[in-house]
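J.: For reference, the structure I am asking about is given below.
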Amino acid sequence: ALKPVSIQVTGLGFCCTTGLQTMDYQLTDHVLNPPDNPSYNSEKLIYLDTLMHWKPPLFTGTRCCAPTMNPPVLENGYITFGCGNNLFKLNEKVLTLWSEILQSLPKAKLSLKARQFDDVGVQQYWLERWQAYGISSEQLLFTGSSNHEQHLQFYQHIDIALDPFPCNGGITTFEALWMGVPVITLEGGTRTGASILSTLGLNHWVAKTSQRYLTSTLKLATHVEELTHWRHNLRDRLLHSPACNGQTFAQQVERAYWYMWRERNPSF
């Protein structure tokens, strides 16, 4: 806000406007900020092919946690939905829509992972919140904090990841895809879910309305063969997408910096 340097740019790690007149530029992509549907941005938008870039985790020199060969539904006999996002993203509209999904599939479960669940009182609070929407404790699973490798293993136990809204997941969406778990997201809001999925050519998991979110989720939940297919193929699709091409991403960011510098310093 105090403008300590002549050119300030945002976008990496936070994909929304800062609202600051002192922030000159914002890095983005054509899904996060569609050129034909301008959003409220105080910064000048600089477009990359995709802003949502991710480096796969490495543990002891190997790619972490290969996805299980089959989705859990084949062993459990019921669908397990999951979300590893921070609890502040679970607002009333999210709870309403996810409750409709669970009520449509009475045997299904919803697994939520957040560090706050280390506290028994927090677990009880969320049980009561879900009960207000007609969801019983039998359909809910809570998991607390863990190290990163254990966190990734959380996705081994879910069939479909549900993306909250309007504040979508970013890293959590990449982690789910890395572990072979499809992600259903709602277009709008921060649009990070739509940006990630469109980069992988998975636009059919991007719902334009809450009703489409519901129907897409229920349709995918009934196609076990499709869940099995993605369990085997999502990681490779992610690895070979622009989202994991660090060299190209870095080159685009460098070109963007040079553009900003030249625009503000035309005499150089």
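J.: Using only Cα atoms, find the angle between the long axis of helix 120-131 and the longest principal axis of the chain, and express it within 0 to 90 degrees, rounded to the nearest 10.
T.: 80
J.: Using r as the Cβ-Cβ distance of Asn233 and Tyr259, and R0 as 51 Å, what FRET efficiency do you calculate, to the nearest 0.05?
T.: 0.90
J.: Averaged across orientations, what area in nm² does the convex hull of the alpha carbons in the range 48-188 project?
T.: If I average the Cα hull's projected area over directions, I get 9.5 nm².
J.: Compute the signed sum of charges (Lys and Arg +1, Asp and Glu -1) over the other residues within less than 11 Å, Cβ to Cβ, of Val224.
T.: -2
J.: Run the quick spin-label model on His223 and Phe268: label points 7 Å from Cα toward the beta carbon, then report their separation in nm to one decimal.
T.: 5.1
J.: Grab the Cα-Cα distance for Asn37 and Thr96, subtract it from 0.36 nm times how many residues apart they are, and report the gain in nm with one decimal.
T.: Length gained, Asn37 through Thr96: 18.4 nm.
J.: How big is D for the chain, in µm² s⁻¹ as a whole number, if Stokes-Einstein is applied with the Kirkwood radius of its Cα pairs at 4 °C and 1.567 mPa s?
T.: 65
J.: A further question on this structure: Considering only the other residues whose Cβ falls under 15 Å of the Cβ of Ala1, what net charge follows from Lys and Arg at +1 and Asp and Glu at -1?
T.: After counting each charged neighbour, the total is -1.
J.: Convex hull volume of the Cα atoms in the range 177-268, per residue, in Å³?
T.: It is 99 Å³ per residue.
J.: Here's another thing I want to ask about it. Report, in degrees rounded to the nearest 10, the 0 to 90 angle that the Cα long axis of helix 92-104 makes with the longest principal axis of the chain.
T.: So the inclination is approximately 40 degrees.
J.: What accessible area per residue comes out for the chain, rounded to a whole number of Å², with a 1.4 Å probe?
T.: Heavy-atom SASA per residue in the chain reads 50 Å².
J.: OK, next. Taking only Cα atoms, what is the 0 to 90° angle, nearest 10, from helix 224-239's long axis to the longest principal axis of the chain?
T.: Rounded to the nearest ten degrees, it is 30.
J.: A follow-up question, please. What does the C-alpha gyration tensor say about the overall shape of the range 19-113? Classify as rounded when a/c is under 1.5, otherwise prolate if a/b is larger than b/c, or oblate.
T.: oblate
J.: Of the candidates Gly134, Gly121, Gly201, which one comes out as most mobile in a Gaussian network treatment of the chain with C-alpha springs shorter than 10 Å?
T.: Gly121
J.: In nm, to one decimal, how far is the modelled label at His148 from the one at Ala250, with both set 7 Å along Cα→Cβ?
T.: If labels sit at His148 and Ala250, their model points lie 1.7 nm apart.
J.: Counting only protein heavy atoms and a 1.4 Å probe, tell me what percentage of the chain's accessible area is made up of carbon and sulfur.
T.: 55
J.: Another question, if that's okay. Would you mind telling me which residue in Asn41, Asn233, Asn147 has the biggest mean-square fluctuation in a Gaussian network model of the chain, where springs connect alpha carbons within a distance under 10 angstrom?
T.: For the chain, modelled as a Gaussian network with Cα springs under 10 Å, the answer is Asn147.
J.: Cys64 to Thr215: FRET efficiency via 1/(1 + (r/R0)^6), r the Cβ-Cβ distance, R0 45 Å, to the nearest 0.05?
T.: Once the sixth-power term is evaluated, E becomes 0.85.
J.: Suppose R0 equals 35 Å. What FRET efficiency, 1/(1 + (r/R0)^6) with r the Cβ-Cβ distance, do Tyr47 and Lys107 give to the nearest 0.05?
T.: Computed FRET efficiency for Tyr47 and Lys107: 0.20.
J.: Taking only DSSP H segments of four or more residues, each worth -39500 (n - 2.57), what value at 222 nm results for the chain once the sum is divided by all its residues, to the nearest 500 deg cm²/dmol?
T.: -11000 deg cm²/dmol
The values are calculated or read from the model by the stated rules, or taken from the named source; none is laboratory data. If you're wondering where the values come from, they're calculated on a predicted model, not measured in any experiment. Glycine also receives a Cβ, built like all others from the backbone with ideal geometry; neighbour counts cover every protein chain displayed. Note: accessible area is taken over every heavy atom of the protein model, side chains too, but ligands, DNA and RNA are not part of it. Shrake-Rupley method; radii C 1.70, N 1.55, O 1.52, S 1.80 Å.
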